[in-house]
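The structure appears below as structure tokens.
The values are calculated or read from the model by the stated rules, or taken from the named source; none is laboratory data. The structure displayed is predicted, hence computed values, not measured ones. Using ideal geometry, Cβ is built from the backbone for each residue, glycine included, and neighbour counts are taken over all protein chains shown. Accessible surface areas use protein heavy atoms only, side chains included; no ligands, DNA or RNA. Shrake-Rupley method; radii C 1.70, N 1.55, O 1.52, S 1.80 Å.
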Amino acid sequence: MAKRRSKKRTHAGANNPVTPAAVNGHATSKDPKSMVIRIGAGEVGTSVSQLATDVRRVMEPGTASRLRERKANRLRDYVTMCGPLGVTHLLLFSRSESGNVNMRLAIAPRGPTFHFRVEKYSLTKDIKRAQRHPKGGGKEYITPPLLVMNNFSNPSADANSKVPKHLESLTTTAFQSLFPPINPQTTPLKSIRRVLLLNREQSDDGTFIVNFRHYAITTKAVGLSKPLRRLNAAEKMLKSKKGKKGGLPNLGKLRDISEFMIGGEDGEGYMTDGTSGSEPDTDAEVEVLEAATKKVHSGKPRAPAEDDSDEEEAGAHDNFERRAVKLIELGPRMRLRMTKVEEGICAGKVLWHEYVQKTKEEVRELEKRWEQRKKEKEARRKQQKENVENKRKAKAGNKKAGEGTKGKDDDEMDVDEYDSDLYEDDGFDSEGLEGDAEEQVNAQMEEGGEWEDEEEEIAKGRSSKKKTLKR
């Protein structure tokens, strides 16, 4: 009897790719989504295009990673699609005529919009080229990064400062809303694989400068020599399902394991962290609880004993492992200088400007102008709505009138249908020929080569000749 097929692609137990929801436990439809867009895709250049691609990698998984812009696309096209796609943030990269690179952070659908000038930037490939052991792209991008913000609020700032207090709060809220919030008590540590660092430079000259950095989080055991670390890594690799023999240390030329531990024939003793055999651990050290499987007993639980509780407490302390946390930069890095904040999405009232300062009278005049524009816009929208309704009613009336006229014509046609000369049977077909005369004419045309031209014109949808019968 043939072996029954086990479905492993779409059913429970299938070895399917790991989704963000299965890893971090909080990926929902309410999580923020973003689009990183190049405005003027054919004019920004290759460097800015690559910068936009790198920023998309930072925003994963809640971003459109495979977005393709066209030269004909305008900002209105993307804003229109924000609602159906559930997009909450737009990051717009552009290049001015003078060569300055600009980045705009817009919150959909009603703003505000933050304008930044990218004073300096480095691409991901440049950072990897400068590193000795760069971090490759793996499972780090299946979960959103951890956002760390520093110096965004100045204790001495107030409403009359060059950078007012409410602007700092608004900017902080805008950047915080880029990624889903986390709960430290319920979020597993394995879901935090990256960190995005935003550091504001403190200055008294009224500038708002933010440094953008992107890192991968790695950990390693503390208190072990380099040979022991290699043996520990090899043991874990062999116990895993995908064991690789290439990760094992080569002991073929050694007589004993002690030679590997002390450094071979020229070894001078056991290698510790203080010797040259191991790199010094200067990273931050934390205690991590090792993952341990628990047995689930069926039936009634047995009564706890004092000795068992003491053993469990001792075992709980043994499960902690000291590990050093290390950050490896992934890129890109940017130095952003805020120049303007405005309402709406790139079209609204200016809330703050770095270079232009308005007096109270000018602000009141601008407020009146914006109110007048708002009223005119509402009036135009109301008039357009009325015009649409009138056209819809007129179209419905014309449709009813057309149906009545058509019914009357059908009645008249039913009365005069058989009395009309158009339906008189005169014995001629559609070409005006009768009987075998049509076949004779076709044969003559085929012999003379005229039928090929006729077929071409028929294929083009035009009638070329009219066949007539001489009586």
| query | When Lys and Arg each count +1 and Asp and Glu each count -1, what net charge do the other residues less than 12 Å away from Tyr215, Cβ to Cβ, add up to? | reply | +4
| said: Filter Lys349/Lys385; Lys190/Lys236; Lys139/Lys326; Lys139/Lys226 down to the pairs with a C-alpha to C-alpha distance above 20 Å, please. | reply: Lys349/Lys385; Lys139/Lys226
| request: Could you provide, to the nearest whole Å², the per residue accessible area of region 92-179 with probe 1.4 Å? | output: 55
| field | Efficiency of FRET from Cβ geometry, Ile182 and Arg392, R₀ 45 Å, rounded to 0.05 | value | 0.35
| Sites Val363 and Asn151, calculated FRET efficiency, Cβ-Cβ separation with R0 25 Å, nearest 0.05 | 0.30
| note | With all protein chains present, region 35-174 has a carbon and sulfur share of its accessible area (1.4 Å probe) in percent of 49
